[in-house]
1. Identify all residues within region 552-566 that are more than 16 Å from His521 (Cα to Cα) and not hydrophobic (A, V, I, L, M, F, W, C); write none if there are none.
2. If you check every pair at least six apart or on different chains, which have Cβ atoms under 8 Å apart with a residue in region 762-784 that is on the phi < 0 side of the Ramachandran plot and open to solvent by 20 Å² or more (accessible area, probe 1.4 Å) first and a residue that is hydroxyl-bearing (Ser, Thr, Tyr) and in a strand (DSSP E or B) second?
3. Just name the residue that is nearest to Val226 (Cα to Cα) out of those in region 293-317 that are open to solvent by 70 Å² or more (accessible area, probe 1.4 Å) and modelled with pLDDT under 85.
4. Where the second residue is acidic (Asp, Glu) and modelled with pLDDT of 90 or more and the first is over 16 Å from Trp86 (Cβ atoms) and lies in region 823-841, which pairs have Cβ atoms under 6 Å and are six or more apart or on separate chains?
5. Of Met156, Met87, which residue is under 55 Å from the mean Cα position of the chain (by Cα) and either in contact (Cβ under 8 Å) with a residue 24 or more places away in the chain or closer than 23 Å to Lys832 by Cα (or both)?
6. Could you please give the count of residues in region 606-618 that are touching a helix residue (DSSP H, G or I) at 6+ places or on another chain (Cβ under 7 Å) and open to solvent by less than 10 Å² (accessible area, probe 1.4 Å)?
7. Would it be correct to say that Tyr774 is of a type in the set (Phe, Trp, Tyr), closer than 25 Å to Val70 by Cα and modelled with pLDDT of 75 or more?
8. Among Ile452, Ile463, Ile473, Ile427, which is the only one that is part of a helix (DSSP H, G or I) and either β-branched (Val, Ile, Thr) or at pLDDT below 85 (or both)?
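The values are calculated or read from the model by the stated rules, or taken from the named source; none is laboratory data. Quick caveat, the model's predicted, so the values are computed rather than measured. Note that we place each Cβ from the backbone using ideal geometry, even for glycine, and neighbour counts take in every protein chain shown. Accessible surface areas use protein heavy atoms only, side chains included; no ligands, DNA or RNA. Shrake-Rupley method; radii C 1.70, N 1.55, O 1.52, S 1.80 Å.
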Amino acid sequence: MEYQFTNPEYLKFLYALPVFWIVSTLGYRRLSVSKIIISTFLRSLVFLLVVLVLAGFSGKEKSQREISTVFLMDMSDSINEEGKEWMWDYVKEINGSLDKKIKKGVVVFGGESRVITPTLTEELELETILEEITATNISTDRTDIASGLMATLGIMPEDSSKMVILLSDGNQNLGEVEKAVKMVAGNDVKVFVASPPEVKKWGEILVKKVIVPKEISEGEMFNVKVVIENNNDGAVKGSLKLHKGSGILKEWNTEFKKGISIFEVPYKSEEKGFIKFNTNLYIEDAELDLDKENNSKFAFVNVSSKTRLLYINGAKNQKVYLPDALEDKTIAVEIKAPGQIPNTLQEFLKYDSIIFSNVSKELISDGQMELIEKYVKDYGGGFVMTCGSNITAEGGYSGTKLEEILPVRIIGGEPPKKEKKSRLSLILIIDKSGSMLGKKMLFAKKASVELIKQLKMNDNFGIVAFDTAPYTIVELKPKEDVMKEIIRKLSMLNADGGTDIFPAMDSAYRQIKQKNSKVSHVILLSDGNTKSIYYHYNRMISKFQEANITVSTIALGTWLVNTELLEDIAKKTKGQFYQITDIIRLPRLIIKDSEHFVSQSDFHEEHFYPAINQESQILKGIYDKQFPPLKGHTITEAKNNVEVPLVTNIMGKTDPILANWRYGLGKVVVYASDANARWSSKWINWSMFNKFWSQVVRWSMRDISKANYDIKVKAGDDTVSLQIESTSLLNDDTKLVTSLISPDYAGKGERLLLKQVAPKRFISELKDIKPGTYNLKISRVRDGKVIDLKTKGLIVPEKTTTKPLEYQVQGNNVLQLKNIAAITGGKYNPKKEEITVEEEEIVKFNGLAGFLIPLALLLFIIDIAIRKFNKQMA
């Protein structure tokens, strides 16, 4: 054996021995010389032994390094029972082939690791170990190879030659295996890897995804793509169905090739809102498609519509003009009856503005009015009301939620009426002389029938025929009475005799004079030849002029026609003169003439001209003298802080005709007249009618939000979360407030609790929110006031149960396992004789302190005994 000092610097203390000897000699004067020499010798030996211990006096010995081996077993669910049985058989086989001097241990792992044998032993009690493995409670739905490797380092002696026998399929899905492998390699550990035999992979084909754009514009064409992934070894027969909503959009009966296949269908978005596309995969051979749960997928596309207006028409049986004035390429107007007014806030939110045209309060519920108030105040919607005879104070909107949002109070119904007059009295005078034989009389009768069809109820109509004398065919009376007898009376009318116009005109005059009508009109069909003396003519014309009766004349034919007389009659009575050669045109011509004069009677009140009261964005480009007259209005009075661009003084006081204001986040406009022909007949043909109403409605529309948001909804294991990220620059002193509005919403909606996770990024857990389509209201609030509002469509998907990663893979991850073996100097799937480490000769230094210190104590005791003995002798 060789010896050495580990701390040789302590040998310098031996230089003190001479001093020690001198001091000892002088101190033992009473002893004999021989005893002094013995005592000094003993103490010198003790001193020498202490110095040797301090200097690390050791014996150098060579031997073979100890070998440590740990079996590291994968217990995760990705390895089936057959694989686990194979691994245990492998452990028993390798354990029997290893040198008996090798110390061995066992570690198992899944989602975490467990040490089965804390101390390595030369003999593994395999039965006991198997029982412990079976009883070990570790998670098996994950694979953490890194955890297992680190556990092996903790039980292997540092000074041993270390090797690990890893039994796994290599499907790591937890932990950082690469870092662990490098650490193991740094500790001189060889890892030998063995994987269980691969079982035959089961067949699998699935719908990977349905691809659609997140958002498109109405009418835009896009492609719906279905991605199929076939993991089988060959093509698979089956069918694929793509549904849009509840209907089938496309069906494919085909063979799905190995790998990725894409099926594509073009689709044009004619509807608005969310469209759901879902697909289902059906495979003929069930063995080729083990997991049926992944055979269906769905996706939504949000079709953003044009600017949408809702027009509620409350005037029955009247033609509407306003929607045509508003609709263009960017605006769509939906016309509905009062019975179709929405009942949920989500339905109202589809529209940028709502227009009520002469809608009676009786036709709308209190709940609907509350929704409109919420739609305007809290969601920035627009509201326009045009009045009419249905808008009254008593029994009307006064005191309702709807009047609360209006810029005016309704204090009366229609303006006071003057003496009641019928709208129209019209008499058709037909020449029945011999010149009217044939088609002329036939088309005159036809024109009579067509003309009465154009009149309204309570309009008065009569027919006077003449030859040399007048004949009252139909007495002047209301239309409904005339309709009962006109066909029978006309059938008795025949052409014969001479011609005398003026007696027939006198008969018509006397009948009209008895009626109190706003408009009185006569249409005369004749060739103009008359036997009456002409001085009767001037007197007759004067009576017509004084009674404000207009006469239109129609000259039939060109031969022997007194056009001069007929033209003069029309001119002096402010009627129209016509001459036709094609008798077929007669009915259309009579209707055209009647429409011209009837339109002048279609009003409720006296004409008045609205006046501009103040400048307004609504009236931009329209000036005071350009407004046509109106014929009626609903009496209102403006509230405080209201803009009143148009007024009238017809009642002796200033009444608003056009008023507007902001109510909450929305804007409201009231037009006190109507938008139909009853009070606004002159406006309908006004060149600026479209401009005026376009500016009114556009002013009322919802403000465009200045903010942009990226909205994401994520569905996980039993959770659905919403992420909102602002993508625009907004003031930092604003607070973000969000609410979720369901399709059947009739209250305040559900306010979401937001948690800020990063600058401009917020998340919210959608707890107890049912899957479906919603509106998300996003508000920016400063000092309690909403300064920006945006409403976006949102889809809340169903909660998903994520399939554990252990069940998403098949087979062995050979690349991973080979990489572990290569980095550590081991081998993948080694033979028994290859599982070894090189035997290393090591040098051990055995310290002799355990021998030297007791020897020093013994010598010290002998020295004491000698000195004691010397005293007793003395």
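1. The answer is Gly557, Thr558, Asn562, Thr563, Glu564.
2. Once the first residue is on the phi < 0 side of the Ramachandran plot and open to solvent by 20 Å² or more (accessible area, probe 1.4 Å) and sits in region 762-784, its partners that are hydroxyl-bearing (Ser, Thr, Tyr) and in a strand (DSSP E or B) give Ile763/Ser721; Glu765/Thr719; Glu765/Ser721; Asn775/Thr791; Lys777/Thr738; Lys777/Ser739; Lys777/Thr791.
3. If we take residues in region 293-317 being open to solvent by 70 Å² or more (accessible area, probe 1.4 Å) and modelled with pLDDT under 85, then Glu293 is nearest to Val226 (Cα to Cα).
4. Lys827/Glu834
5. One residue alone meets the criteria, Met87.
6. Residues in region 606-618 being touching a helix residue (DSSP H, G or I) at 6+ places or on another chain (Cβ under 7 Å) and open to solvent by less than 10 Å² (accessible area, probe 1.4 Å): 1 in total.
7. no
8. Answer to the selection: Ile452.
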